[in-house]
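Everything on this sheet refers to the single structure shown next.
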């Protein structure tokens, strides 16, 4: 029984580790990642689609669910005013199927 419980906890922890539950924080110092929203898809490192339900949040594939509390979030982001300040450049897409990484070298920022 203990072996089963340990396995369950490990699997659950691993599966939620990569969920893209995001919160936008008010201060840069509280953020894990500084984000800039670009005007054109071609400028983005990541194409993001905002999902309506937490259960639809992706596993580092650009499907983001914005939570209300920091304790619920897997990543805390801060939206910067200038592209040069950003760790990650994103572009919000209109369709879920369009969400994906354009610059896979930056993928580790959201793990």
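Residue 103 is checked against (1) in contact (Cβ under 8 Å) with a residue 40 or more places away in the chain; (2) under 10 Å from residue 20 (Cβ atoms) and fails just one. What number does that condition carry?
The number of the failed condition is (2).
What single numbered condition from (1) over 17 Å from residue 26 (Cα atoms); (2) surrounded by 13 or more Cβ atoms within 10 Å (Cβ to Cβ); (3) modelled with pLDDT under 95 fails to hold for residue 74?
Status for residue 74: all satisfied but (1).
If I filter region 21-37 for residues that are outside any strand (DSSP E or B), at pLDDT 95 or above and within 17 Å of residue 103 (Cβ to Cβ), do I get at least one hit?
No: zero hits.
Can you confirm whether region 97-108 contains a residue that is more than 13 Å from the chain's Cα centre (by Cα), closer than 19 Å to residue 52 by Cβ and surrounded by 16 or more Cβ atoms within 10 Å (Cβ to Cβ)?
no
The values are calculated or read from the model by the stated rules, or taken from the named source; none is laboratory data. The structure displayed is predicted, hence computed values, not measured ones. Cβ: placed from backbone, ideal geometry, glycine included. Neighbour counts: every protein chain shown.
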